[in-house]
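Report on the structure given below.
The values are calculated or read from the model by the stated rules, or taken from the named source; none is laboratory data. Just so we're clear, the structure is a prediction, and the values are computed from it rather than from any experiment. Virtual Cβ from ideal backbone geometry, glycine too; neighbours counted across all protein chains shown. Areas reflect the complete protein model, heavy atoms only, side chains present, ligands, DNA and RNA absent. Shrake-Rupley method; radii C 1.70, N 1.55, O 1.52, S 1.80 Å.
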There are 2 protein chains.
Amino acid sequence: MSRELVVIALGGNAIKQSGERGTTEEQFKNVDTAAEQIAKISMAGYKIVITHGNGPQAGALLIQQEEAGDLVPAQTLTAVGAMTQGQIGWMFQNRLTYHLHKMGKMAPICSIITQVEVSSDDPDFKDPSKPVGPFYTESDAKRFASERGWTVKEAKPGVEKGWRRVVPSPEPISIVEEESINALLVERVIVIAAGGGGIPVEKGKDGSWVGVDAVIDKDRTGFKLSQAIKADKFMILTDVENVYVNFNKPDQKALQEITLDEAQGYLDEGQFLAGSMGPKVEACMRFVKWSGKEAIVTSLDKALDALQGKTGTRIKK
Amino acid sequence: MSRELVVIALGGNAIKQSGERGTTEEQFKNVDTAAEQIAKISMAGYKIVITHGNGPQAGALLIQQEEAGDLVPAQTLTAVGAMTQGQIGWMFQNRLTYHLHKMGKMAPICSIITQVEVSSDDPDFKDPSKPVGPFYTESDAKRFASERGWTVKEAKPGVEKGWRRVVPSPEPISIVEEESINALLVERVIVIAAGGGGIPVEKGKDGSWVGVDAVIDKDRTGFKLSQAIKADKFMILTDVENVYVNFNKPDQKALQEITLDEAQGYLDEGQFLAGSMGPKVEACMRFVKWSGKEAIVTSLDKALDALQGKTGTRIKK
């Protein structure tokens, strides 16, 4: 029985699937499915830290804030991030408790509101590109840009119509709550942390952690989290069992076990989609380079099999 | 130097003061003031667990949800509670870290999303009375009652105009995340828990914790939390330094140290306002009865003095 410590990074699709409206009930059903798989991993003896995306949940809150206009003040993007950590963390705590209990295990589970350090010297602050919140008309968008200091950009012409607020997506530097997360792991708690890539904060002049309007890539944060807790494995769960090369072509090939050099080669060839599989493979490579250990990309239902070396794309030194 | 464990329950006014709009900036400023006082208590050697109200924050989210109509689905009241735990927990983590650091102390601080067990057999489910969310016209309110299964009531005639949704305010039975909170305390983490009285859940037939649309009184939950962690002291912070008898009358008297019997006598006389000082004194009395130790009602700026027996209303066996 393994006592390895594994960080599991779940995509937004594990919580709100495309085509769904995103009611609390729908989200609970999806989280329940994910929690059952994670409970099996816990039963197999792995120590677990979970991190997750929050795109659809933050998006919904930003739309609600916008629609309420001046009735009640909109909260900052960082506050919205904190809210989604509470919302999603709760759902995981609740469903994991249930599945573990059903499998005969009583394990404390706890989600931690997590801040992640970034630097406003990050080059991404010069040309923000991560869209957040609702779509606007050009004139509204430009008005908000001037009134609220936002950066706004036209959405992908031909694909999406309208304008959106864009924010930087800086590199995560450190996990502020690292010490508390490690304290919980010592006590064998299953921890949910750094949801949505974490709440981005920067060290202010007075030593405060100051919230920064930005969105950190959740897989990059997943690596930083793995580093902070010295994880034995880092696993990113997505909607496919394997990473592919020559995707959707006649010679498409599912990758099983690949080395860092091979992964770098595929990246250089442009085999992985930017903003999709690209950042996942890159985050895994960072983990392997740092730890010398294995990182995995696979689907939720294959997670335990992949940890045991039976499937998934496993990147090794 | 004390190593006593104290539960500090903060009212909503410590986070959003009346007259304020409730922007993130305003709330951070208020939390900063509270955090500075709490940091002083930590520096004096007390181990601390913080719990807090969430009325204004949940209210703002419910209005935003309502205004967004069908654009994105409104989340349940329980999900909104989880969101506010994330939002407020984050602000306390952030400002406490700052003040402790400034005072030369590095202490891990962590907020925990907390579920609290209730029972739908609670008599309050028969006649719900706790208003939540925005005001409606009578016809809208009655339509929502039929469409959404809400209980709605006319607001206080002559004082407030309109109709509101009302939910039960059941007794808290247990703190679901008790084990995780205690694990953190072992590791000397300052814990923020059970915000807004906790997320109300009931044990379902399959063993699941099922969310219940209700609001638990935060001071009652504060007592349950004190019990779960075997606190040495329970302190409720409000906007007055002392509890008064004959309040606003010529013979008004600030209470200093009173016994359980004296407190019961004043309660029976109707000295304390229902929905205001009444529940605070009652929660304190429950703690004293259970622990034989001291419970305190005082104001934020007198918190440390009160813990040291210099001021505040201190209820003893």
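Residues of segment B:134-189 that are more than 23 Å from B:Thr221 (Cα to Cα) and among the small types (Gly, Ala, Ser): B:Ser139, B:Ala141, B:Ala145, B:Ser146, B:Gly149, B:Ala155, B:Gly158, B:Gly162. Screening A:Gln75 against (1) under 16 Å from B:Gln75 (Cα atoms); (2) within 23 Å of the chain's Cα centre (by Cα) leaves a single unmet condition, (1).
If the condition is being touching an Asp or Glu at 6+ places or on another chain (Cβ under 8 Å) and either at pLDDT 95 or above or open to solvent by less than 40 Å² (accessible area, probe 1.4 Å) (or both), then segment A:110-123 contributes A:Cys110, A:Ile112, A:Ile113, A:Thr114, A:Gln115, A:Glu117, A:Val118, A:Ser119, A:Asp122.
For the condition surrounded by fewer than 15 Cβ atoms within 10 Å (Cβ to Cβ), assigned by TED's automatic domain parsing to the domain that holds B:Ile112, under 30 Å from B:Ile48 (Cβ atoms) and not polar (S, T, N, Q), B:Val176 does not qualify.
Hey, can you tell me all the residues within segment A:15-26 that are surrounded by fewer than 23 Cβ atoms within 10 Å (Cβ to Cβ) and touching a residue at least 40 places away in the same chain (Cβ under 8 Å)? Before you say what the answer is, go through the steps one by one.
Applying the first criterion (surrounded by fewer than 23 Cβ atoms within 10 Å (Cβ to Cβ)) to segment A:15-26 yields A:17-26.
Of everything in segment A:15-26, nothing turns out to be surrounded by fewer than 23 Cβ atoms within 10 Å (Cβ to Cβ) and touching a residue at least 40 places away in the same chain (Cβ under 8 Å).
Of the residues that make up segment B:200-220, is at least one within 30 Å of B:Met106 (Cα to Cα) and crowded, with 18+ Cβ neighbours inside 10 Å? So far as segment B:200-220 goes, yes, one or more of its residues are within 30 Å of B:Met106 (Cα to Cα) and crowded, with 18+ Cβ neighbours inside 10 Å.
Of the candidates B:Ala283, B:Ala231, B:Ala274, B:Ala263, the single residue that is in a loop (DSSP other than H, G, I, E, B), hydrophobic (A, V, I, L, M, F, W, C) and modelled with pLDDT of 95 or more is B:Ala231.
Scanning segment A:105-151 for residues that are assigned to a loop (DSSP other than H, G, I, E, B), under 30 Å from A:Leu185 (Cβ atoms) and among the hydrophobic types (A, V, I, L, M, F, W, C) turns up A:Met106, A:Ala107, A:Ile113, A:Val118.
All conditions but one from (1) within 14 Å of chain A (Cβ to nearest Cβ); (2) in contact with a strand residue (DSSP E or B) (Cβ under 6 Å, 6 or more places away or on another chain) apply to B:Glu187; the one that does not is (2). Cβ separations smaller than 6 Å between residues 6+ apart or across chains give the following pairs from segment A:69-83 residues that are within 7 Å of chain B (Cβ to nearest Cβ) to residues that are open to solvent by 30 Å² or more (accessible area, probe 1.4 Å) and assigned to a helix (DSSP H, G or I): A:Leu71/B:Ile63; A:Val72/B:Ile63. Just one residue in the set B:Lys293, B:Lys280, B:Lys289 is closer than 22 Å to B:Thr51 by Cβ, open to solvent by 80 Å² or more (accessible area, probe 1.4 Å), in contact with an Asp or Glu (Cβ under 8 Å, 6 or more places away or on another chain) and assigned by TED's automatic domain parsing to the domain that holds B:Ala9; that residue is B:Lys293.
Can you find a residue that is over 23 Å from the mean Cα position of the chain (by Cα), within 14 Å of chain B (Cβ to nearest Cβ) and open to solvent by less than 80 Å² (accessible area, probe 1.4 Å) anywhere in segment A:129-139? Looking for residues that are over 23 Å from the mean Cα position of the chain (by Cα), within 14 Å of chain B (Cβ to nearest Cβ) and open to solvent by less than 80 Å² (accessible area, probe 1.4 Å), one finds at least one in segment A:129-139, hence yes.
Screening A:Lys105 against (1) open to solvent by less than 20 Å² (accessible area, probe 1.4 Å); (2) more than 11 Å from chain B (Cβ to nearest Cβ); (3) at pLDDT below 95 leaves a single unmet condition, (1).
Pairing each residue of segment B:135-157 that is not assigned by TED's automatic domain parsing to the domain that holds B:Leu61 with any residue that is hydroxyl-bearing (Ser, Thr, Tyr) and crowded, with 16+ Cβ neighbours inside 10 Å, provided the two are 6+ apart or on different chains, yields no C-beta distance under 6 Å. Would you mind stating whether B:Ala44 is touching a Ser or Thr at 6+ places or on another chain (Cβ under 7 Å) and more than 9 Å from chain A (Cβ to nearest Cβ)? So B:Ala44 passes the test.
B:Leu304 meets the conditions (1) under 18 Å from B:Ile41 (Cα atoms); (2) out of contact with any helix residue (DSSP H, G or I) (no Cβ under 8 Å at 6 or more places or on another chain) in every case but one. The failed one is (2).
Being surrounded by 24 or more Cβ atoms within 10 Å (Cβ to Cβ), among the β-branched types (Val, Ile, Thr), in a helix (DSSP H, G or I) and more than 9 Å from every other protein chain (Cβ to nearest Cβ) holds for only one residue in B:Ile50, B:Ile8, B:Ile38, B:Ile88, and it is B:Ile38.
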